[in-house]
1. With a Förster radius of 41 Å, plug the Cβ-Cβ distance of residue 19 and residue 123 into 1/(1 + (r/R0)^6) and report the FRET value to the nearest 0.05.
2. So for the pair residue 94, residue 46, with labels modelled 7 Å out along Cα→Cβ, what separation do we get in nm?
3. Taking 0.36 nm per intervening residue step and subtracting the Cα-Cα distance, what contour gain separates residue 63 from residue 82 on full extension?
Amino acid sequence: MMKGKSEQKDQHFSIFLRQVREESDVLAEDLVEGLMDISQFSRVESAERPVCKTMRNRLLERLGVAPETYENLLRNEDYEEWQCQHRILCAVDQKDFPAVSRLIEEYEALESPDGKVKQQFCLVMRAELLNLSGSNSPQLCCATN
C-alpha cells in the first residue's frame with residue numbers, strides 16, 4: 001500500500017530528525033524537555049506520530065538547524081493553527097486587547113497535537129497582553145490539553 005504525502009513527509013522528517021540528533025550527540029530527553037514527553041517523541045522519531053510545523057521548527061532549532069533548511073509544506077491543520085497565531089500577533093501589535101483575549105480563547109479551543117507548544121504560545125501572548133495593558137496582575141492562565 002502506498003503512503004500518502006503527509007505520511008511520507010512525517011517519515012522523512014523523523015529520519016532527518018534522528019540523523020541530526022544522533023550526529024549532534026543530543027539526548028532525546030534533552031531535546032524535548034518542556035515540549036513533549038519522551039514517549040511522544042519516540043513516536044515522532046519513528047514516524048508514528050505527526051507533529052505540526054511549529055513543533056518541527058522548535059525541535060530543529062534546538063538542534064541548531066534553521067527550520068528553512070528542512071523544507072516543510074504546511075498541512076491544513078498547521079495552516080489553521082498558524083492563521084490563529086498570526087491573528088493574535090496582529091491584534092497584539094495593534095494593541096486591540098479585547099480581540100487578543102477573544103482570539104486566544106478561540107485558539108485554545110482548537111485541537112492540536114502539540115498542546116504544550118500551544119499552551120506556551122498562549123501564556124506568552126497573555127503575558128504580552130498584560131504587559132501592554134500596564135497590568136501588574138500575576139494571573140496568567142491557559143487552557144490545558
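1. Efficiency, rounded to the nearest 0.05: 0.80.
2. Output for this residue pair reads 4.7 nm.
3. 4.6 nm
Laboratory data are not the source of any read-out in this text; all were calculated from the coordinates shown. This is a predicted model, so every value here is computed, not measured. So basically every Cβ, Gly included, is an ideal-geometry build from the backbone, and we count neighbours across all protein chains shown.
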